[in-house]
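The values are calculated or read from the model by the stated rules, or taken from the named source; none is laboratory data. In this text the structure is predicted, and so the values were computed from the model without any measurement. Glycine gets a Cβ as well: all are built from the backbone with ideal geometry, and neighbour counts include every protein chain shown. These area figures cover heavy atoms from the full protein model, side chains too; ligands, DNA and RNA do not enter into them. Shrake-Rupley method; radii C 1.70, N 1.55, O 1.52, S 1.80 Å.
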Amino acid sequence: MTYLGEKCEVNGDIHLEGNLRVDGIVHGNVEVLGDMEVSHTGLVEGIEIHARNLIIHGVVKARLLVDGKLSVSKTARLEGDVTAGAIDIEGGAFYTGHMATTDAKSLPGTGRLPELIGREPTGGLGG
């Protein structure tokens, strides 16, 4: 387990073979072959985070690639697109972005994002 304490700030990419807990701040991409947790005092901001399982209690601003389960607690703020095997979002969590699961039980996708209710169709993707 690698631990980044509350008073720790990292500017740069992190690559780990084990697990990671972030109580401090990370500005950069994170690749964790094990599990990752961002505590309620943690902030991770980068282009991409890749982990086996990810638990978020703090702030994450990045595209997420989670092989297993993504858990987002009610204290979390998540901004970015997500691809995960399974997703669990607790009531009260803030999230903005697109989510997709890679679970074999998922229905086949159309490749198009759904139209939002109350919005005029634009004829294109996401616009």
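Points to keep in mind about this one:
- Residues whose amide H comes within less than 5 Å of that of Val82, counting only those at least five positions distant or on another chain, are Leu64, His98, Met99, Ala100 (H built at 1.01 Å from N in the peptide plane).
- Over 15 Å [Cα-Cα, the stretch 1-41], rounded percent: 32 percent
- Sparsely packed trypsin sites (Lys or Arg not before Pro) within the stretch 28-107, loop by DSSP, other Cβ within 10 Å at most 16: Arg52, Lys74, Lys105
- Remark on Gly42: its backbone amide H falls under 5 Å from those of Gly58, Val59, a criterion applied only to residues 5 or more positions apart or on other chains, H modelled at 1.01 Å from N.
- Calculated from backbone phi, Karplus (6.51, -1.76, 1.60) coupling profile of the stretch 46-51 in Hz, x at Gly/Pro: x, 7, 8, 10, 10, 8
- Per-atom-type breakdown for the stretch 9-66 gives carbon and sulfur 50% of the accessible area (1.4 Å probe, protein chains only).
- Hz values of 3J(HN,Hα) by residue in the stretch 79-84 - Karplus curve (6.51, -1.76, 1.60), Gly and Pro given as x: 10, x, 6, 10, 10, 8
- Computed over protein heavy atoms with a 1.4 Å probe, the accessible surface of the stretch 11-86 works out to 43 Å² per residue.
- For the stretch 1-96, the list of GluC sites (Glu not before Pro) that fall in a loop by DSSP and count at most 10 other C-beta atoms within 10 angstrom reads Glu17.
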